[in-house]
Amino acid sequence: MARPGITYLQVAQVATELKAKHTNPTIESIRHKLGTGSNSTIAGHLKRWRQEHEPDVFQDRRTSLPPEWLVKMETLWEELKQQANHDIEKIKSEHAKQIEKLELENKNLAHESQALQQKLENANKDIINRDQALAQWNQKCENQAKCIDHQALENKSMSGTIVDKEAIIKDIHRQLTHAQNNLEHFREAAKQQRENDLLQHQEVISELNGKLSKLNNQLNDVSEIRLVLSTDLEKYKARCEHLTVSLAQAEEQLSAKQEKTIALISDNKVLTRENENITTALKSLQTEKKRDDEEKIELRLANERLTGELRTLKAIKQIEEEFTD
């Protein structure tokens, strides 16, 4: 069974409600309100309603266009205006989304910049700590060098003692030789004394050699420590160079991010200007609509004036015809 079409009463009721809300009733607005109906059916009922409720629009003698054309033109104007409003709202929505996206990117860039700044501060702290550690190692090396110098002085002093002992030994040998020439009966005692002295001297020399060996071992240990410190120092220098390169790269990335942020801000300003231009165009359209409404009012008043003059002329003509009869 076919669906029944909309009636004139339905169209007239919706048109009256729209007119009471100071909204111009159009085919599209009535169809949207009813939720059904064809454009041709609604156009016919709307034309009839306009002839009954807005007769001055169809009695305007200043235009030669048929009334149905006027209705269609007005409907087309409303549709174009609604389409323009829809496009403007769509553009505004897109611009708002772009602005939100740019603001989010700007916030992300700010967070990245703060993170890079924090890394830079941590790297500076690490460099300061490494410098302090290096200063401590240098102090320790200086202390070790002083110890080595002190040990060298002691070693030199021991060497002088050995030389002195050797001179004493030579003197004893001379004394023994002199004693052998003069006192032969003391030979055995002198020989025993010499052997004892030699043993004592050998013990002293052995002890001094042991100390000298320890000093040499300590000197070797200090040399190894110096070598290790030199290796650590080279690694630390390489680490510092790597941190310097990383810092330079971070600064370049930060500069690029800042340039990108500046470009985004510029794009945001361009979009803002475009939005202002669109707003200006919308205001211009509203001004033109207001001007059209004022012209319609003037036309309506002129039509009423001409209608009154026509009625007056008809009355005068009727009076003349009565006098003529």
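Laboratory data are not the source of any read-out in this text; all were calculated from the coordinates shown. As the structure is a computational prediction, the values presented were derived from the model and not from experiment. In this analysis, Cβ positions are derived from the backbone assuming ideal geometry, glycine residues included, and neighbour counts consider all displayed protein chains.
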On Cα atoms only, tilt of 8-20 relative to the major axis of the chain in degrees: 60
Formal net charge of residues neighbouring Ala281 (Cβ-Cβ distance under 14 Å; K, R +1; D, E -1): 0
Rounded tilt (10° steps) of 67-182 against the dominant C-alpha axis of the chain: 0
Reciprocal mean inverse distance between Cα atoms of the chain - Kirkwood radius, Å: 33.3
Separation of alpha-carbon centers, region 197-239 and region 283-302, rounded to whole Å: 109
Relative contact order for the chain, counting Cα pairs under 8 Å that sit 6 or more residues apart, in percent: 24
0 to 90° range, to nearest 10: angle between helix 187-324 axis and the chain longest Cα axis: 10
Label-point separation, Arg273 to Lys146 (7 Å along Cα→Cβ), nm: 7.2
Gap separating the Cα centres of region 107-145 and region 1-47, nearest whole Å: 79
Out-of-range pairs (alpha-carbon distance over 27 Å; input Lys72/Lys296; Lys47/Lys283; Lys269/Lys289; Lys97/Lys257; Lys296/Lys317): Lys47/Lys283; Lys269/Lys289; Lys296/Lys317
Dmax and Rg, reported as Rg then Dmax, of region 110-282 (C-alpha, Å): 39.0, 143
Hits among lysines - C-alpha to C-alpha of Lys214 under 17 Å, sequence gap 8 or more where chains match: Lys146, Lys156
